[in-house]
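Each reported figure results from applying straightforward, stated rules to the coordinates on display, with no laboratory input. Predicted model, so just to flag it, every value in this text is computed and none were measured. Counting neighbours? That spans all protein chains shown, and the Cβs are built from the backbone with ideal geometry, glycine included.
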Amino acid sequence: MEPQRAKEGCWPGPHGSGALWELLWGRGRPLCCGPWAGHTLQAQGAEPPGWGCGTTPAPGFLGTDCSQAQQIQQEQQRPCVAPGQAAVPASDDRFLLQAVENLCSHKVSATLYKQLRQVCEDHVQAQILPFREYPFVAHALDSLVFLKKMDTCWQDHCRQMIMVRGIFLFLDRTYVLQNSLLPSIWDMGLELFRNHIISDKMVQSKTIDGILLLIERERSGEAVDRSLLRSLLGMLSDLQVYKDSFELKFLEETNCLYAAEGQRLMQEREVPEYLNHVSKRLEEEGDRVITYLDHSTQQAARCVLLGLDHLLDENRVPDLTQMYQLFSRVKGGQHALLQHWSEYIKTFGTAIVINPEKDKDMVQDLLEFKDRVDHVVEVCFQRNERFVNLMKESFEAFINRRPNKPAELIAKHVDSKLRAGNKEATDEELERILDKIMILFRFIHGKDVFEAFYKKDLAKRLLVGKSASVDAEKSMLSKLKHECGAAFTSKLEGMFKDMELSKDIMVHFKQHMQNQSAPGPIDLTVNILTMGYWPTYTPVEVHLPPEMVRLQEVFKAFYLGKHSGRKLQWQSTLGHAVLKAEFKEGKKEFQVSLFQTLVLLMFNEGDGFSFEEIKMATGIEDSELRRTLQSLACGKARVLIKSPKGKEVEDGDKFLFNAEFKHKLFRIKINQIQMKETVEEQVSTTERVFQDRQYQIDAAIVRIMKMRKTLGHNLLVSELYNQLKFPVKPGDLKKRIESLIDRDYMERDKDSPNQYHYVA
């Protein structure tokens, strides 16, 4: 609170009203420099000090003549009044202000501030004794007298500090303002009152207990002095002890009161009467907050009184059931419960979705939250359709507060469940998990984002043989088809068809090879992927061994002989192999990627190669080759020996074949060190989704305009919203319309710019 200048009252210091004069005039010794320097001032009881006039100024101080000092003395021969007396004359006021300004101007501000604080502290300390000695018992009259005395003390303190700050305003706005570690004069007054009076355990306890007793009396129906409560609680707030000293005890007593009262009245009264009483109590507490409680208490008190969030957080099913039954018996009761139900779901769900730091657990947290609210609806709310529908609306609202990310993470969560090595669940449990994930899937708007990430992960599972179960994969595909239609899953189904057709092609190819001399001891398996079905892969050129190249050519001739007009493009990044090797310990087999295969095959021609030699021989891109060599020489299965040793592959490093290699398994899988999916890769996938959306918007606009021929802008936008199955902004639609106009698919009406014509 910013103090206002007071015109009445004077500081009743320990030496009477002369305390301020003693502070300013140095208590009998020269304190200031300037016009009054060198003159000793004596305080005379409660009167302003008289002037003594010396002829020689004190060493180091400026002098003045007696006539000037006497003139000021005559002007100030008026008493400084105590509280309750007449106001300080304006001439005294100006004189004090001028005195403070002169003291500050002559560099004694620090001493002045220190002595001012001491005088204030002496005064405040003198006030505590009556409060400590006051006999306080839990009696209404005694507590009321005590609280009134405390309020009087606080009000007097505030008035006095306003006056002091007005007099020392120049000190406050110069020296104190420039020293950030010093509290302002007003804050100093609050600090002294807090430290010496309200922080006294006995005084604080009497004050808080007295306030709570008054509130208890008011809740019981008695009339109390609300202005007194407002003043005292405002004091606690200004002194920054409201929350720790009062609010906690107030909420605790409120909780106990209404818990006991609720249990008693539920036994004694009918439901309508009980709910009317609850409504009345809520109004009373709301009025109490407005009238004299701090506004920070409002939400806390509301939680204590309503308690729905608390019951839901703690999953207190019996209490929630009882609450639902009570509210259902009163007209309009369910409506209030529905509102809080929706707010709770949105608030709790938004906290899960919106925080990027919780992305790792987002989907699992959403599934657990959905299970919890489903249980509440099922058991407590008796599957009330209004609660079920509002729950769905609330989930849809908060899950789309963060566009695209929930869809991406749901797709990745499905991948983690369908990938081989996931032993968390049986087939039946996996089916239940997928059903729950599909419920979340229904809520997301960006289903095309889900499809893009799901397709990318599905491709990895199918091509590398990482799928845990073909049945589970097809079950998930069936769920998606049922939810979104055949168009959504057509490409995904195409991927499965490609894998089935590839198996048939390889059966015929092997039969074909039996009638020919095979080029080397290589057993080739090829997957034929239809480019439109699968994610886009960038072709990578590498140097394959001649035996592999010849076998590729044989397969190409075989395939194109049966399917003329088609084109094959080899994708080296997706290839993998099983290599046989001999060591001193015996024979081993390695499951490796194509890049690892090319590196290891080099060691049939020599025992050691440098990084540059391997790069030149294989043609593998630099960063990819470094990761490949890391997996072979720095991982758990070290088939190669790196020199010098280290986890990073640097230029000039040498690699030797490890003839001493040992491993307890016969077939060993050497995992390629993969880069974690970078932000760029995620952005790339999202960007492809965005590009696909542009094509769909363009196609929808052309389709509508071709049918309507002429259409206004608003009607066109409305039609687009009805046809498009993903969220889109009006600005994006406008850009696509402009693009089609530029490409002469449509044109604006010359007389009406918001009217469009289709161009045949």
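What FRET efficiency do you get for residue 106 and residue 351 if R0 is 51 Å and r is their Cβ-Cβ distance, rounded to the nearest 0.05?
The calculated FRET efficiency here is 0.30.
Name the shape class, rounded, prolate or oblate, that the alpha-carbon gyration tensor gives for the stretch 575-669, where a ≥ b ≥ c are the square roots of its eigenvalues, rounded holds for a/c under 1.5, and otherwise prolate holds if a/b is larger than b/c and oblate otherwise.
prolate
For residue 392, give me every one of the aspartates and glutamates with a C-alpha distance below 17 angstrom, ignoring sequence neighbours fewer than eight places off in its own chain.
Those aspartates and glutamates meeting the cut-off are 343, 365, 368, 371, 374, 378, 435, 483.
Hey, rough spin-label estimate for residue 759 and residue 692, points 7 angstrom out along Cα→Cβ, what's it come to in nanometres?
3.0
For residue 206, give me every one of the aspartates and glutamates with a C-alpha distance below 14 angstrom, ignoring sequence neighbours fewer than eight places off in its own chain.
Straight-line reach from residue 206, under 14 Å: 133, 142, 151.
Going by C-beta contacts inside 10 Å, put 721, 258 in order with the fewest on the left.
Fewest-to-most ranking of 721, 258: 721, 258.
Subtract the Cα-Cα distance of residue 511 and residue 401 from 0.36 nm times their separation in residues, and report this length gain in nm to one decimal.
Answer, rounded to one decimal: 33.9 nm.
What is the stretch 360-448 by shape, rounded, prolate or oblate, if you read a ≥ b ≥ c off the alpha carbon gyration tensor as root eigenvalues and call it rounded for a/c under 1.5, prolate for a/b larger than b/c, and oblate otherwise?
It comes out oblate by the Cα gyration axes.
Quick one: Cα centre-to-centre distance for the stretch 396-462 and the stretch 213-255, in angstrom?
53
Shape verdict for the stretch 484-545, please, from the Cα gyration tensor: rounded (a/c under 1.5), prolate (a/b greater than b/c) or oblate.
Judged from the Cα gyration tensor, the stretch 484-545 comes out oblate (a/c at least 1.5, b/c at or above a/b).
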